[in-house]
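J.: Take this structure first; my questions come after.
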Amino acid sequence: MLGAIIGDIAGSVYEFDNTGAEDFELITDSCFFTDDTVLTVATADCILNNGDFAATYKNYFRKYPGRGYGAMFSQWGNSESLQPYNSYGNGSAMRVSPIGFAYNYMETVLDMAKKSAECTHNHPEGIRGAQAIAACIFAARQKKDKDGIKKTAEDLGYDLSFNLGEIRFYYSFDESSQGSVPQAIKAFLESESFEDAIKKAIKLGGDSDTIACMAGSIAQAYYGVPEYLKKQAMGKLDSHIEGIIEEFNKRYI
C-alpha cells in the first residue's frame, strides 16, 4: 500500500493545480498526505485487526479531520449511520490497495474489495472500481505481464483501448470511478518505472492525488518502490500511520 500513499502525497499539491510539466520532483516540502492515505491505512488496519470496514473508516475520518474528504463521505462520517449512500466515486478504489496485497486468491481479493467498497460505495461502479484496482495489484503480484494485468481490468468491464496522449488535452477533474479508475490503470500500463507511473498519473490532470494513488498501488506490486521514496513518504506521516504500515508490511509484503 506504500505505493498508493506515495502517489497520494506526490499528487497532493496538484489536485487543484494540475501540472503538464515533463519532469518534476515527486515529493517536495509542500506535499502532504490526504484522505486517500488515511483511508488506505484504515483498510490495512481493518485487515490486520479483523475489523468492520464501515466502523473503521468512520474512526479514521474522525481521527484525521480536514484531509480533503468528499462531501458525501464527510456527511456519512459525521453521522451515526453505518448505511451506505450509493456512491460511484473513486473513494472506494483509492483506499482498496491493502486488499490486493493481503490475500492470495483472486476470488478472495474480489470479495474483500467488494466488502470494503459497499459499506459506502454500494453503487455497481463504486464496487467495480475497488475490485479493478485490487485485482490489478493481485495480478501484478502473480507476475503477470502488462497484457495480463490489462486483461484483468478489461474482464471487469473497463475499456482500456485509449492512450493517455489522446485524452490528456481534454481530460478534466472527475471523481467518479468510471472516470478515473481506467485512467489510473492506463498510467501504470504506459509506465516504464514506479516513478514514471506516478508522474504519468499526475500529468494527466484531474483528480491528481487519487489517480496517482491508484496507479502507484499497482506500480508497487509490479516494480517495487524505490527506497528514497519510501523514506521521503514516511517522513510525511505520523507515528500511528507509520506503525500500521510497518505492521502490514511485516505480515503481508
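Please treat every number below as a calculation from the coordinates, not as lab data. Small disclaimer: the values here were computed from a predicted structure and weren't measured. Because the Cβ atoms are built from the backbone with ideal geometry, glycine has one as well, and the counts that use them run over all protein chains shown.
J.: Check each of the GluC sites (Glu not before Pro) in region 1-93 and keep only those in coil by DSSP with at most 13 other C-beta atoms within 10 angstrom; list them in order.
T.: Answer by residue number: Glu22, Glu25, Glu80.
J.: Suppose each label sits 7 Å from its Cα in the direction of the beta carbon; what would the Glu190-Glu166 distance come out to in nanometres?
T.: If labels sit at Glu190 and Glu166, their model points lie 1.0 nm apart.
J.: If each residue of separation counts as 0.36 nm, what is the full-extension length gain between Lys151 and Asn249 once their alpha-carbon separation is subtracted?
T.: 32.5 nm
J.: Let me ask you something else. For region 2-252, what does the relative contact order come out to in percent, with C-alpha contacts under 8 Å and a separation of six or more?
T.: After rounding, I find 29 percent.
J.: What nm distance separates the two modelled labels at Ser176 and Lys231, each placed 7 Å from Cα along Cα→Cβ?
T.: In this crude spin-label approximation the distance works out to 4.4 nm.
J.: A further question on this structure: Could you state the number of Å between the C-alpha centres of region 108-173 and region 1-17?
T.: 18
J.: Further question on the same structure: Projecting each Cα onto the charge dipole of region 2-252 (Lys/Arg +1, Asp/Glu -1 at the beta carbon, about the Cα centre), which of His123, Ala184, Gly206 comes out farthest on the positive side?
T.: Highest projection toward the positive end goes to His123.
J.: All other residues with a Cβ under 12 Å from the Cβ of Pro226 taken together, and with Lys, Arg as +1 and Asp, Glu as -1, what is their net charge?
T.: -1
J.: What number comes out for the charge environment of His123, summing +1 per Lys or Arg and -1 per Asp or Glu over other residues with Cβ under 14 Å away?
T.: My count for the surroundings of His123 gives -1.
J.: Can you give me the long-range amide H partners of Gly89? Hydrogens built in the peptide plane at 1.01 Å from N, cutoff under 5 Å, separation of 5 or more residues or another chain.
T.: Result for Gly89 returns Ser177.
J.: Sorted by packing (mean other beta-carbon atoms within 10 Å per residue), highest first, where do 192-202, 170-180, 64-74 land?
T.: Put in order of decreasing packing, that is 192-202, 170-180, 64-74.
J.: So how far apart, in nm, are the two label points at Glu242 and Ser81 if each is 7 Å from Cα heading toward Cβ?
T.: 3.9
J.: Tell me the label only: which of (i) 17.4; (ii) 18.9; (iii) 18.1 is Kirkwood radius over Cα pairs in Å as calculated from this structure?
T.: Step by step, Kirkwood radius over Cα pairs in Å for this structure corresponds to label (i).
J.: Could you list the residues of region 90-112 with an amide nitrogen less than 17 Å from a label point located 7 Å from the Cα of Lys63 in the Cα-to-C-beta direction?
T.: Zone members listed by number: 95-99.
J.: Note down the magnitude of the dipole of the chain about its Cα centre, charges +1 on Lys and Arg C-beta and -1 on Asp and Glu C-beta and zero elsewhere, to the nearest 20 debye.
T.: Once rounded to the nearest 20, the dipole reads 560 debye.
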